[in-house]
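Trainee: Please read through the structure below; I'll follow up with questions.
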Amino acid sequence: MLNWLETIQDEAIRKEVKDNLVVSGGSICSLFLNLDVNDYDVYIQSEAVAFKLAKYYAKAFPELEVVSKSNTPDDVREEGGGIRGVILRNLKEGQVKILMPESPSGTKTPFENNQEGKYLPVFFSPNAISLSDSLQIVLRFTGSIEEIHKSFDFVHATNYFTFKDGLVTNLKAVESILTKQLFYQGSLYPLTTIIRIKKFLNRGWKITAGEQLKVMFQISQLDLTDIATLEDQIIGVDVAYFGMLVEILKEKQDNDPNFKLSYEFLRVIIDKVFSDVDENQE
């Protein structure tokens, strides 16, 4: 982490980031299992510091716009269609987002930077900034460590590191890692969890029917016929495809005030939108 921080040329931002960063998620799990780390996920406890850090990395790319609840007027959040509109309408306290350039299809696509160097931004998405050297800054959640972990669905990811506390582990997380057993701790986005489970099963993890029932119960409490709820639940999974799905549903709703989302209608749209999606894509 220190090597990364040294590359932040703004001294004030560098100090604030060091004081507020939390490393948590799959990287610590991979280290426990002696596996290669795909990326280190860095969370920032302060929304204001996360906003400054995102602006710092996005400043060289005028196509990108950084927004947060505290820095985006209400009238701006009501503007526009496409994925920009979806993101702005669902912007919540503690979230920082990056708005992508519009693609010809009307959806927003991740923005790539092909520069070379240490810890340079190489990939922007609405929810994160990926730097070279396997580091990802997660912008979608800020707050205390406890608040950040509320967004985590499985307990194995809740070990963490800060410069103040060092590496902090908990017994349940370590048990989950060593047994490769998924324990669901509840999540703000259970629909995303259902989609993510497949990834873990492909990696040799296990999940009991009881843990699956916990996820399904939380999903049952959501009104997925409400398009705003549906878009909030799925927009973080795959922006391009799920955003396209949401836009089709919203256009239908705008054209027909009496439209009520049903399974049959959703099934047809999903088959159309996802016909070319790679099933192995995470």
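Since every read-out is calculated from the coordinates, none of them should be taken as a lab result. In this text, all values refer to a predicted model and were calculated from it rather than measured experimentally. Counting neighbours? That spans all protein chains shown, and the Cβs are built from the backbone with ideal geometry, glycine included.
Trainee: If we count other beta carbons within 10 Å of each Cβ, what is the order of Arg267, Arg84, Arg196, fewest first? Intermediate results must be reported in sequence, preceding the final value.
Mentor: Numbers: Arg267 10, Arg84 22, Arg196 18.
By the 10 Å Cβ count, ascending, the order reads Arg267, Arg196, Arg84.
Trainee: Here's a follow-up. How large is the helix-only mean residue ellipticity at 222 nm for the chain, computed as the sum of -39500 (n - 2.57) over DSSP H runs with n ≥ 4, divided by its residue count, in deg cm²/dmol to the nearest 500? Working shown, then result.
Mentor: On the way: 13 runs with 120 residues, N = 282.
Helices in the chain give a 222 nm mean residue ellipticity of -12000 deg cm²/dmol.
Trainee: Using C-alpha positions alone, give me the convex hull volume of the chain per residue in cubic angstrom. Numbers along the way, then the final one.
Mentor: On the way: hull volume 41.0 nm³, N = 282.
Per residue, the Cα convex hull of the chain comes to 145 Å³.
Trainee: Provide Val96, Val168 in ascending order of the number of other Cβ atoms located within 10 Å of each residue's Cβ, fewest first. List each step's numbers first, then the result.
Mentor: Working: Val96 31, Val168 16.
So the ranking, lowest neighbour count to highest, is Val168, Val96.
Trainee: Above 19 angstrom, tally the Cα pairs of region 165-276 and express them as a % of all pairs, no decimals.
Mentor: Cα-Cα pairs of region 165-276 separated by over 19 Å account for 56 percent.
Trainee: Sorting Val122, Val22 on the 10 Å Cβ count, fewest up front, what's the list?
Mentor: On the way: Val122 16, Val22 25.
Ranked by crowding around the Cβ, least crowded first: Val122, Val22.
Trainee: Residues of region 16-46 with backbone nitrogen within less than 12 Å of a virtual label 7 Å along the Cα-to-Cβ line of Leu171, please, listed as ranges.
Mentor: Inside the label zone: nothing.
Trainee: When the dipole is taken about the Cα centre of region 142-282, and only Lys, Arg (+1) and Asp, Glu (-1) are charged at their Cβ, what size is it in debye, to the nearest 20?
Mentor: Value, rounded to 20: 660 debye.
Trainee: Another one. Go through region 89-101 residue by residue and turn each phi into a ³J(HN,Hα) via Karplus (6.51, -1.76, 1.60, θ = phi - 60°); whole Hz please, and just put x for glycine and proline.
Mentor: Calculated HN-Hα couplings, in order: 5, 9, 5, 10, 4, x, 10, 10, 10, 10, 8, 8, x Hz.
Trainee: When the Karplus curve 6.51 cos²θ - 1.76 cosθ + 1.60 is applied with θ = phi - 60°, which whole-Hz ³J(HN,Hα) does each residue of region 164-176 get, with x for Gly and Pro?
Mentor: Taking θ as phi minus 60°, the curve returns 6, 9, x, 7, 10, 10, 10, 4, 5, 5, 5, 4, 4 Hz for region 164-176.
Trainee: I'd like the Karplus ³J(HN,Hα) series for region 56-72: coefficients 6.51, -1.76, 1.60, θ = phi - 60°, whole numbers in Hz, and an x wherever there's a Gly or Pro.
Mentor: Result, rounded to whole Hz: 4, 7, 8, 5, 7, 10, x, 5, 9, 10, 9, 10, 8, 4, 7, 10, 10.
Trainee: Would you please give the residues with an amide H less than 5 Å from that of Tyr40, counting only those at least 5 places away or on a separate chain, with H modeled from the backbone geometry?
Mentor: It is Leu135, Gln136, by chain and number.
Trainee: For Phe123, what residues show an amide H to amide H distance below 5 Å, using hydrogens built from the backbone and excluding near sequence neighbours?
Mentor: Those qualifying (amide H under 5 Å, at least 5 residues apart or on another chain) are Asn113, Ser130.
Trainee: With an 8 Å Cα cut-off and a minimum separation of 6 or more residues, compute the relative contact order for the chain in percent. Intermediate results must be reported in sequence, preceding the final value.
Mentor: Values: 423 pairs, mean separation 44.8, N = 282.
In percent, rounded to a whole number, it is 16.
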